[in-house]
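Throughout, read-outs are computed from the coordinates displayed, never taken from laboratory work. Bear in mind that the values here come from a model prediction, so they are computed numbers and not experimental data. Here the Cβ is made from the backbone with ideal geometry for all residues, glycine too, and neighbour counts use every protein chain on show.
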Amino acid sequence: MDHPIVSTEAEYRIEACNTYDFLSEEYSTLFKGSNATAFQSPLWLHEFYHTLVPGHGAEPLIIKISSKGSDHPDAILPLVRETHFGIRIVQPADLGVADYNAIVGSEEKLTALANNPSVAEGILSAIQPYHLILFRKQRPCAFDAAKLLPGANITPNTSCSYEVDAGAGYDNWFTTSVSKNMRKGLKRKTNGFEKTHGKLEFAELCDERSIVDAFQLMRELREARYEANLFSRPEVFEFYQNIAVKGQRHGIASTFVSKFEDRILSIDFGVRHKSRFLFLLGAFYEEQDFQRYSLGLLGLNELIRREAEAGHTIFDFTIGDEPYKLSFGAEQIPLTNITVTSGPIGRLAFTAYQSRGPFRRTLKKLMPKFS
């Protein structure tokens with residue numbers, strides 16, 4: 001598959017590519033003018049297609065839409081195709097690491113594309129072959145991908161995302177939004193740690209060696225805590241570590257730690273996009289000496305403070321319905337899933353995807369990304 005072109009009337013050119021330079025000035029300009037998320041940023045997608053996709057055995061599928069006569073794209077759909085037991089499934093550039101998916105392009109250009117019915121048909125033709133298109137985890141503020149995917153079904157995602165707005169200042173947010181129990185608990189645990197052990201220090205890591213060491217520790221801590229550990233796949237660990245190291249150089253990724261006597265006790269990792277900080281990964285020691293201090297919550301609270309003071313006033317806890325997020329006063333953000341089927345196999349796969357019974361559970365065991 002090397003740049004096959006699907007013509008749509010005389011206005012647009014649609015290309016299905018298996019490679020694209022996401023670090024190019026072309027894509028950087030397109031991304032900056034879009035309402036896409038950090039999970040479609042240049043570095044994120046570069047590492048996704050170079051590190052993650054080969055290790056998963058997925059097929060890269062990048063749809064590029066340009067006005068006829070223009071050298072620059074109006075929109076890009078970063079996708080992958082996977083085949084499981086003969087079922088071809090096309091999804092965004094996700095593979096379990098993206099909390100939000102989006103089409104990349106300005107609202108104006110995407111609206112113009114959606115108003116041309118032949119563009120949507122051309123996109124589906126360029127995506128072929130597929131049985132099922134799963135465009136999951138779309139934020140309410142994103143351009144609705146269903147407008148460019150004819151015949152799409154729109155359903156709520158099973159999990160929501162959560163975020164807090166500290167735009168009025170950290171102290172104001174902490175006093176007015178965080179639950180009383182959480183405020184009292186954080187203060188009590190901070191004071192208790194200092195009384196028993198000493199002062200807990202916090203820092204953002206700024207050199208490659210320290211970040212690499214912290215990620216190695218995070219992997220060990222997560223392996224001990226989680227049965228299904230994200231880092232059990234080497235390419236996933238390498239992907240996140242690359243984002244952490246390379247992103248730190250440009251100020252778009254942060255590896256934040258708590259320390260006591262130069263020993264790291266907790267690690268939090270996230271990425272920055274515009275005024276938003278997106279919390280992605282965390283780990284902390286749970287040994288008996290430290291268990292009662294809720295090191296994970298102490299680290300998150302300090303991270304929210306630091307990011308708010310630096311101008312990243314939206315702290316995005318990202319996807320997942322963990323109760324602690326509400327204790328921080330987080331707002332629940334619903335996400336939507338968009339699906340398109342092709343033929344009886346696609347309709348059967350969609351039925352399985354929508355089900356909540358043993359059929360879906362069996363399918364998830366056979367096809368881990370089918371979730």
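What does the helix-only formula give at 222 nm for the chain: each DSSP H stretch with n ≥ 4 adding -39500 (n - 2.57), the total divided by the residues, and the result rounded to the nearest 500 deg cm²/dmol?
Helices in the chain give a 222 nm mean residue ellipticity of -11000 deg cm²/dmol.
Placing unit charges on the Cβ atoms only, positive for Lys and Arg and negative for Asp and Glu, gives the stretch 142-187 a dipole magnitude near 320 debye about its Cα centre.
With loop membership from DSSP and a limit of 12 other Cβ atoms within 10 Å, the longest segment of the chain without trypsin sites (Lys or Arg not before Pro) is 69-198.
For the chain, the membrane-span-like helix rule (DSSP H, alpha carbon extent of at least 15 Å along the helix axis, mean Kyte-Doolittle at least 0.0) picks out 117-127, 295-309, 343-354; this says nothing about an actual membrane. Backbone N atoms of the stretch 298-328 closer than 15 Å to the 7 Å Cα→Cβ label point of LEU230 belong to residues 316-322. Under a 10 Å cutoff between Cα atoms, tell me which one of HIS72, HIS46, HIS197 has the largest fluctuation in the Gaussian network model of the chain. Largest GNM mean-square fluctuation: HIS197. Under a GNM of the chain (C-alpha, springs under 10 Å), which listed residue has the highest mean-square fluctuation: THR51, THR19, THR176? Result: THR176 has the largest fluctuation of those listed. With both partners inside the stretch 162-333, how many of the DSSP beta bridges are antiparallel, as a percent to the nearest 5? Among the beta bridges of the stretch 162-333, antiparallel pairing accounts for roughly 90 percent. When the P(r) is computed for the stretch 162-333, the part past 26 Å accounts for 27% of the Cα-Cα pairs.
Kindly state, to the nearest 0.05, the FRET efficiency for LYS187 paired with ILE345, given R0 = 51 Å and r defined as their beta-carbon distance.
Working: r = 57 Å, r/R0 = 1.12.
With R0 = 51 Å, the Cβ-Cβ based efficiency is 0.35.
The charge dipole of the chain, taken about the Cα centre with unit charges on the Cβ atoms of Lys, Arg (+1) and Asp, Glu (-1), comes to about 1260 debye, rounded to the nearest 20. Using a cutoff of 8 angstrom between alpha carbon atoms and counting only pairs six or more residues apart, the relative contact order for the stretch 155-282 works out to 18 percent. Going 7 Å from the Cα of ILE154 along its beta-carbon direction, which residues of the stretch 319-339 have the amide nitrogen within less than 13 Å of the resulting point? Answer for this model: 335-339.
Computed over the chain, the P(r) tail beyond 26 angstrom holds 54 percent of alpha carbon pairs.
Can you find, among ASN35, ASN242, ILE154, the residue farthest towards the positive end of the dipole of the chain? Put +1 on the C-beta of Lys and Arg, -1 on that of Asp and Glu. About the Cα centre, the residue reaching furthest to the positive side is ILE154. Annotation: extensible slack from HIS84 through GLU201 equals 37.3 nm (criterion: 0.36 nm per residue apart, minus Cα-Cα distance).
When the chain is treated as a GNM with alpha-carbon contacts under 10 Å, the residue of PHE193, PHE277, PHE317 showing the greatest mean-square fluctuation is PHE193. Once the Cβ-Cβ distance of GLU26 and GLU287 is raised to the sixth power relative to R0 = 56 Å, the FRET efficiency obtained is 0.65.
Contact order, relative form, for the chain: 20 percent (alpha carbon pairs under 8 Å, 6 or more residues apart, mean separation divided by residue count). Estimated from the Cβ-Cβ distance and a Förster radius of 35 angstrom, the FRET efficiency linking ASN172 and GLU208 is about 0.45.
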